[in-house]
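The values are calculated or read from the model by the stated rules, or taken from the named source; none is laboratory data. Nothing here was measured: the structure is a model prediction, and the numbers come from that model. Cβ placement follows ideal geometry from the backbone for every residue including glycine, while neighbour counts extend to all protein chains displayed.
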Amino acid sequence: MKIVLPDSSELELPDGATGLDAATAIGPKLAEQAVLVRSNGRVQDLRLPLENGQPIQILTTRDADDPDALYVLRHSAAHLLAEAVRRLYPGTKVAIGPPIENGFYYDFEFPEPIGEDALERIEEEIQRELKEGRAWERRDVSAEEAKRLFAEQGEDYKVELVDTAEGQISLYTQGDFTDLCRGPHLQDSKPIKAIKLTGLAGAYWRGDEHNKQLTRIYGTAFYSQADLDAYLERLEEAKKRDHRRLGRELDLVHFDEHSPGSPLWHPKGMVIWNELEKIRKRENDKRGYLEVKTPLIYNEETFITSGHFPKYEDLMFKLEVDEHRWAMKAMNCPGHMLLFGSKLRSYRELPLRYAEPAPLHRNEITGTLHGLLRVRHVTQDDAHIFVSEDQIQDEISGVVDYARYLYELFGMTASAELATRPDNKLGTDEQWDMTEAALEEALKLNEIPYEIAEGEGAFYGPKIDLFMDDALGRKWQMGTIQLDSQMPARFGLKYVGPDNAEHDLYVIHRALYGSYERFIGILIEHYGGAFPLWLAPVQVRVIPVGEDHREAARALAEKLDEFRVEVDESDETVGKRIRNAEVEKIPYVLVWGDRETEAALAVRERGGEQSTKSLDELVAELSKAANL
Ligand SMILES: [Zn+2]
Ligand SMILES: [Zn+2]
């Protein structure tokens, strides 16, 4: 048989040859370093037979950054963890242990609870395994055999997993540990050059809170120690930038048990909010959006009509007042539908773009709340654009352009995912061909890199999920752009065309910041609290050296009053006050003492040296940086 290599050349192999056989035929070095076969975007264990005509790529230890290569490494590391735990803690039952983004975990039922301090001991045991060396052996077995094997070992979770497993059952063995596993796995443990257990958490069996709570051990592994070190450094940096910590330290925002999941914004936090709001208003104006305001509370029928009930019912706060049942809105769409439907619309009014940054309430489960990133009080930069079919492409393109403009303001790179027709789609294939193509074309036109999320669209239309890469290279999901023909239909909305007949219309739901809360949370971490001048809550702080300099310092601040300026008249030493300004990451600090004059100011820029500037020079510099 023949297989096809990445350079399109063909390789002749005996029938039934495996990926490892292919690697060996190419060269012994490749065979030694091989970790995985990738074929048509899917990963395959090196030990499995190839098919005639199959295109393959052999990944090796040199593909140290490749997500699939890391995946197989970490999956193998998870098996080493399980082996170590079973040896150190006899009677422990093992559940599941998959690789995840940035690492892996394994769930265990320990006979006695373990603490964080156990991790070091377990890690040492894994190191010992690595030193001894482990090789993985794969075996296909019948379900009966697998069940007998795991039952003998008292591995109840594995027995249950065999019962619900589909397809061929396979086992992987290394050392004295055999796991129920589809693979793929490394040939042996040599490529695992660095491993670290990173934490401990509770996790329910099969994610169901009615089931037993297990202990989840998290870890990560890399092809080199340097990669692990760099990863741990990034983690440390992320911790330093944690928006919950910086939010308090920088006096921006905090949370209170009186209203879980609803941030209390401080004056300085509101400066950032209002700067974002300014941008939203300015750009909306430019781009032909109309500002509207719709109710926060509706009767329940509204959400039945819109289709949000029953699907989102649990997410909404409900009220019973005067024997009527109401719900607080968790989305703006119904109000905007009512607004559009308040009169007969002509094609001349389309596209009609309604924008409303209203507060929404979502009853997120307490356990899932996470600082500003997941809140109950959420404020979207929401808009609904009503369009005829032939306007879809242009409008989506306009929205994508808007998104890219916004993200670039913050020095972040935009990317996207295009979610296409799901199995339970409404509408014809021709309609979906048209709408999916319109969305894809908009991404291409705006040169936004995107991936296709096959079948992930809503049943009523395709959507674009927007992502940004931040300063630490982390990918955040931001806004969405969603095309929908169903909601207008549910509210009986039509427009009158040039032919005087009524036509169906589409609505585009879109939010670009996503929510203000989440966006600001991400910005705090992206900038590590050191906001660019235009966004900084305090742009300039004046520090009078002594008491007799206070008046002059105030006069100086007065002359800078087009900026956000404050005078630090506290009784601390000058050195301490300068340090405070540094901790608060204030972009400009002016120290005013005996020697300073308006012609010669002592200017300290954040992260830089002290320099001398005239007031005019400073104002020119600030104006340039403060105005977008
Ligand atoms: Zn496995
Ligand atoms: Zn909507």
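Values for this structure:
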| read-out | value |
| --- | --- |
| The stretch 76-123: number of residues that are in a strand (DSSP E or B) and not acidic (Asp, Glu) | 9 |
| Residue match in the stretch 381-398 (condition: within 16 Å of ligand 2 (Cβ to nearest atom), free of Cβ contacts under 8 Å to residues at least 12 places away in the same chain and either under 28 Å from the mean Cα position of the chain (by Cα) or over 21 Å from Ile464 (Cβ atoms) (or both)) | no |
| Failed item in (1) of a type outside the set (S, T, N, Q); (2) modelled with pLDDT of 95 or more; (3) within 30 Å of the chain's Cα centre (by Cα); (4) surrounded by fewer than 17 Cβ atoms within 10 Å (Cβ to Cβ), with Arg42 passing the rest | (2) |
| Pick from the stretch 542-599, criterion assigned to a helix (DSSP H, G or I) and basic (Lys, Arg), ranking: farthest from Asp616 (Cα to Cα) | Lys576 |
| Residue within the stretch 485-498 that is of a type in the set (Gly, Ala, Ser), touching a Gly at 6+ places or on another chain (Cβ under 6 Å) and within 16 Å of ligand 2 (Cβ to nearest atom) present | no |
| Among (1) outside any strand (DSSP E or B); (2) crowded, with 23+ Cβ neighbours inside 10 Å; (3) touching a Pro at 6+ places or on another chain (Cβ under 7 Å) - the single one Val507 does not satisfy | (1) |
| Listing of strands (runs of 3 or more DSSP E) fully contained in the stretch 254-364 that carry 1 or more residues being closer than 20 Å to Glu395 by Cβ | 352-356 |
| Of residues in the stretch 541-564 being within 30 Å of Met412 (Cβ to Cβ) and either in contact with an Asp or Glu (Cβ under 8 Å, 6 or more places away or on another chain) or of a type in the set (Asp, Glu) (or both), the one surrounded by the most Cβ atoms within 10 Å (Cβ to Cβ) | Arg541 |
| Ala69 vs. criteria under 29 Å from Tyr204 (Cβ atoms), surrounded by 18 or more Cβ atoms within 10 Å (Cβ to Cβ) and in contact (Cβ under 8 Å) with a residue 40 or more places away in the chain | no |
| Only listed residue being away from ligand 1 (no atom under 16 Å from the Cβ), of a type in the set (Val, Ile, Thr) and within 26 Å of Gly341 (Cα to Cα), chosen from Thr420, Thr435 | Thr435 |
| Evaluation of Glu237 against (1) surrounded by 13 or more Cβ atoms within 10 Å (Cβ to Cβ); (2) out of contact with any strand residue (DSSP E or B) (no Cβ under 7 Å at 6 or more places or on another chain); (3) closer than 20 Å to Ala536 by Cβ; (4) charged (D, E, K, R) (one fails), failing number | (3) |
| Subset of the stretch 154-189 that is acidic (Asp, Glu) and in a helix (DSSP H, G or I) - its residue that is farthest from Trp205 (Cα to Cα) | Asp163 |
| Residue check for Ala25: buried (at least 19 other Cβ atoms within 10 Å of the Cβ) and not in a strand (DSSP E or B) | no |
| In the stretch 404-462, the residues that are part of a helix (DSSP H, G or I), of a type in the set (Asp, Glu) and touching a strand residue (DSSP E or B) at 6+ places or on another chain (Cβ under 8 Å) | Glu408, Glu436, Glu440 |
| Checking Lys190 against (1) over 17 Å from Ala95 (Cα atoms); (2) of a type outside the set (Val, Ile, Thr); (3) within 16 Å of ligand 1 (Cβ to nearest atom), the condition it does not meet | (3) |
| Residue match in the stretch 464-478 (condition: β-branched (Val, Ile, Thr) and touching a helix residue (DSSP H, G or I) at 6+ places or on another chain (Cβ under 6 Å)) | yes |
